[in-house]
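One structure is given below, encoded as structure tokens.
No value in this document is a laboratory result; all are computed from the given coordinates. Predicted, not measured: the structure shown is a model, and the values here were computed from it. Glycine also receives a Cβ, built like all others from the backbone with ideal geometry; neighbour counts cover every protein chain displayed.
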Amino acid sequence: MYTEKVIAEFTNPENVGEIADADGVGEVGSPTCGDIMKIYLKVEEDRIIDARFRTFGCAAAIASSSMATRMIRGMTLSDAWELSNADVVDALGGLPEAKVHCSVLARDAIRAAINDCRTRRGLEPRETGSSRCGGGTGCGSCPENG
Amino acid sequence: MNDLDRHPVYMDHAATTFMKPEIMAAMAPYFSRYFGNPSSLYRFARESRNGVDGARRQVAAAIGANPEEVFFTAGGSEADNWAVKGAALANRERGDHIVTSAIEHHAVLHTCGWLEKQGFSVTYLPVDEFGRVDPGDVEEAITDATILVSVMTANNEIGTIQSVAEIGRVAHDHGALFHTDAVQAVGAVPIDVERMGIDLLSLSGHKFYGPKGVGALYIRRGTRIENLIHGGGQERGRRAGTENVPGIVGLGRAIELATADIEGHNRRIAAMRDRLVRSVLGSIPDTRLNGHPTERLPNNANFSFRYVEGESILLLLDARGICASTGSACSSGSSEPSHVLLATGLSHEEAHGSLRLTLGDANTEEDVDSVLEVLPDVIGRLREISPLTPVRARIPEVD
Ligand SMILES: Cc1ncc(COP(=O)(O)O)c(C=O)c1O
Ligand code: FES
């Protein structure tokens, strides 16, 4: 049910671990399956120079964390904020509908880490918005999908 | 050689079994030579009829029934649906209450749920930490309105075997019918419908090396039960539809083989399973065995590995050529992990990190060795990834 890309990313994930002197840490739990994702950021000026993760969850969640942390490395905080779960899904070559919420977890964890970074710098956290994938994919996570 | 190129180590026999060659051989002529419809009157169709009749005798002999009490279905789910809906609807004027357990297969649970919508009331009995139903609880749950008690012989996820004979006695003492889903039990638990006080029993061919899509319902003579499948007069007017003759013949041969030496089979399988369980518990910390320590199917091992999630375990095992299953919510994309594991009192996290390995007749000690070689590594890698793993349970990093 997973694409080769997902399996490859999941079996050999990158950026597993913690950053001891992280500038921002974000932890989120999935309302759908109860899984947990934690993302650590090292930020210089406005740029993410290192991103790492730990995830308790399915193959899609682990693959999404690995892919998402790879994608935001080198990005500015505002660009990383704009990373959507659909970008992660695309980079993975697609996810089964029931697994789209796992990629939303990655986006939410990144936003939580960025907000943590902002708070530490004395800035207002940004409005995270709903934890929707913007998809109507029928994955069961969105209230309108039951 | 790549792990994937090798024949996989199949340890998911509770999901389905491979078909034994002698069973396929028994079926083969009924696909070609004896293709006749068993209901046809000409002599040519007689072999088809004989095939079905022979299988009915084989099933009856395996469970201590009379052949006239055996009805073929399109599998275990149909047998469960028929038993529960049929008994409920036929006895409605006597009462509207059903007693079942929280750990039944969905073929029973969802059927009960449907009956609730039709106005029946259902008691879902809890189980203890090992997955056992207390017959005393059955007795307490029964009311004057109870028409049916349905408790499975053995559970498909954790392998726990119930005190079927005792539960059957309790049901009969109170004038209720007793159904048991024996889909996982056939070939592992000796079944005698008389001694065990069973009125209705479901079984399914593909769980004991027979074909998929064919099963049977045992109906004790005189049991009030409505038909489920309406149509032609097959199965003595109780279950319509042209018989799946090759499937039925295969089911008959399969149950005969599966029940020929239950004790010897159990001894051999349990020896491998016990070594697997001992070694896994000994080599992987923060691991528990789910289910009952002794009252369990001889082929079933069900573990919970703390801090990790089942679907990930499954896919890493798959990448290394091992087929297994899990009760994790992630594996189904749903929000709840296995209802069976939760009913035994496991936390969501523990149920999430479950792995079921079920052995079968083709497994060898080498297969067990393969699992023992791969599994600690898989769990170690996932624990390295998980944020829940305490430092003491992490593999020290080698830089
Ligand atoms: C305990 C139990 N009951 C019923 C079924 C359903 O059987 P079938 O797949 O033949 O419909 C299964 C199979 O998964 C089972 O394990
Ligand atoms: S994280 Fe649980 S389904 Fe993906």
If a cysteine in chain B has no other Cys Cβ under 4.7 Å from its own Cβ, put it on the list, ordered by number.
B:C112, B:C323
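For each of A:V16, A:V43, B:V133, count neighbouring Cβ atoms within 10 Å of the residue's Cβ, then give the residues from fewest to most. Let's see the in-between values first.
Details: A:V16 18, A:V43 21, B:V133 26.
With the fewest neighbours first, A:V16, A:V43, B:V133 line up as A:V16, A:V43, B:V133.
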Nearest-ten-degree value, helix A:59-72 long axis tilted from longest Cα axis of chain A
40
Straight-line reach check, B:K207, cutoff 26 Å on alpha carbons, 8 or more apart in-chain or any other chain, hits among lysines -> B:K20, B:K85
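Mind checking region A:35-88 for GluC sites (Glu not before Pro) that DSSP puts in a loop (not H, G, I, E or B) and that have at most 14 other Cβ atoms within 10 Å? Write down the numbers at each step before the final one.
Working: sites: A:E44, A:E45, A:E82; in loops: A:E45.
Counting only loop positions with at most 14 other Cβ atoms within 10 Å, the GluC sites (Glu not before Pro) in region A:35-88 are A:E45.
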Ranked by Cβ crowding within 10 angstrom, fewest neighbours first, how are B:M11, B:M19 ordered?
B:M19, B:M11
Specify the residue with the greatest mean-square fluctuation among A:A20, A:A63, A:A91, computed from a Gaussian network of chain A linking alpha-carbon atoms under 10 Å apart.
A:A20
Rounded to whole Å, give me the distance from the Cα center of region B:157-192 to that of region A:1-78.
49
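Over region B:34-258, calculate the relative contact order: mean separation of alpha carbon pairs under 8 Å at least 6 apart, over the residue count, as a percent. Display every interim value, and only then the final one.
On the way: 473 pairs, mean separation 61.0, N = 225.
It comes to 27 percent, rounded to a whole number.
For chain A, what's the relative contact order in percent, using C-alpha pairs closer than 8 Å and at least 6 residues apart?
On the way: 276 pairs, mean separation 38.5, N = 146.
It rounds to 26 percent for chain A.
Under a point-charge model restricted to the Cβ atoms of Lys and Arg (+1) and Asp and Glu (-1), what is the dipole moment magnitude of the protein assembly as shown relative to its Cα centre, in debye to the nearest 20? Working shown, then result.
Details: 54 positive and 75 negative charges, 286 e Å.
Here the size comes out at about 1380 debye.
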Angle in degrees between helix B:46-63 and the longest Cα principal axis of chain B, rounded to the nearest 10
60
P(r) of region B:230-306 over all Cα-Cα pairs, 10 Å bins starting at 0, rounded to whole percent, reads 15, 28, 19, 19, 14, 4
About the Cα centre, and with charges only on the beta carbon of Lys, Arg (+1) and Asp, Glu (-1), how big is the dipole of chain A? Nearest 20 debye, please.
160
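What's the long-distance tail for region B:23-160, i.e. % of Cα pairs beyond 18 Å?
Values: 6262 of 9453 pairs.
Pairs farther apart than 18 Å: 66 percent.
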Taking every alpha carbon pair in chain B and sorting the distances into 20 angstrom bins from 0 up to the bin holding the longest one, the percent per bin comes out as 27, 54, 18, 1
Just from the alpha-carbon atoms, what are the Rg and Dmax of the protein assembly as shown in angstroms?
26.6, 92
Output the 0 to 90 degree angle, nearest 10, between the alpha-carbon long axis of helix B:76-90 and the longest principal axis computed from the alpha carbons of chain B.
50
Viscosity 0.890 mPa s, temperature 25 °C: what is the translational diffusion coefficient of region B:34-258 from Stokes-Einstein with a Kirkwood Rh over Cα pairs, rounded to a whole number of µm²/s?
140
Debye-sum result for region A:4-120 in log10 I(q)/I(0), which assumes one identical scatterer on each alpha carbon, at q = 0.12, 0.13, 0.18 Å⁻¹
-0.34, -0.41, -0.79
Take every DSSP beta bridge with both residues inside region B:34-258 and express the antiparallel ones as a percent of the total, to the nearest 5.
40
Does region B:23-81 come out rounded, prolate or oblate by the C-alpha gyration tensor, with a ≥ b ≥ c the root eigenvalues, rounded set by a/c under 1.5 and, if not, prolate when a/b is larger than b/c and oblate if not?
prolate
Run through all the Cα pairs of region B:113-194 and give the fraction in each 5 Å bin from 0, expressed as whole percent.
3, 14, 25, 23, 20, 12, 3, 0
The lysines whose Cα lies under 23 Å from the Cα of A:K38, excluding any fewer than 8 residues away in the same chain, are A:K5, A:K99
So, relative contact order of chain B in percent, Cα under 8 Å, 6 or more apart, is 21
Neighbour counts of other C-beta atoms within 10 Å: give me B:R43, B:R278, B:R56 arranged from fewest to most.
B:R43, B:R278, B:R56
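Counting other Cβ atoms within 10 Å of each Cβ, which GluC sites (Glu not before Pro) in region B:297-366 have at most 15 and sit in a DSSP loop?
Details: sites: B:E309, B:E311, B:E349, B:E350, B:E365, B:E366; in loops: B:E309.
Here no loop site has a sparse enough neighbourhood.
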